[in-house]
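As structure tokens, the structure follows; a few thoughts come after it.
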Amino acid sequence: MAGGSDKIDYVFKVVLIGDSAVGKSQILARFARNEFSLDSKATIGVEFQTRTLVIQHKSVKAQIWDTAGQERYRAVTSAYYRGAVGALMVYDITRRQSFNHISRWLEELRSHADRNIVIMLVGNKTDLEDQRAVTTEDAREFAQKENLFFLETSALEATNVENAFQTVLTEIFNIVN
Ligand code: GDP
Ligand code: MG
């Protein structure tokens, strides 16, 4: 297009990790297409989705990778992490176990990904407050201890999803600039 409005200045690979059914695919659907589905099927065949946004007058293409049902321990391959500069590590605030597993995901991420990867801990499904099983304080404490960004989201209500990606992408942008 004239004027170069389709020029991409940066491509940032960001990976989604966390237990099955915590809402990774719906967080991505919300961010990439502003869609949500209550009966989401396991993603098959699609490796990543993209969305281009503007950060400090530069065009940044976020390439967001979603696991295709490889959430079993150590089933995510190193190719998934390769080249990733950001990660959203997701648990479900109504399922304590998904939060307990976060330390395992973090260990896996740190052993496979780049040392400078920007990591956001994400507690999803805040619309189900009456079923909450992980306090905000517990998660915040863990995030502080491990040096992670932290937000609670609802893919259903579109709460903080934009904010989570924006924060990670802006931090990556600041690191490379
Ligand atoms: P994944 O396995 O981590 O990719 O999880 P999915 O994105 O497939 O979501 C698993 C289930 O949780 C689906 O039924 C979604 O509709 C539901 N879900 C995802 N995000 C939310 C949310 O923010 N709130 C509620 N109430 N349900 C959600
Ligand atoms: Mg999924």
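Summary table below
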read-out	value
Efficiency of FRET from Cβ geometry, Ile8 and Gln97, R₀ 30 Å, rounded to 0.05	0.15
Residue-averaged 222 nm ellipticity for the chain, from DSSP H runs of 4+ at -39500 (n - 2.57), nearest 500	-9500 deg cm²/dmol
Rounded, prolate or oblate (a/c below 1.5 giving rounded, otherwise prolate when a/b exceeds b/c) for the stretch 29-177 by Cα gyration tensor	rounded
Karplus-derived 3J(HN,Hα), 6.51/-1.76/1.60, for each residue of the stretch 48-56, Hz, glycine and proline x	8, 10, 10, 8, 9, 9, 9, 10, 6
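Values in this text are rule-based calculations from the coordinates and carry no lab data. All figures in this text were calculated on a predicted structure; none of them were measured in a lab. Glycine also receives a Cβ, built like all others from the backbone with ideal geometry; neighbour counts cover every protein chain displayed.
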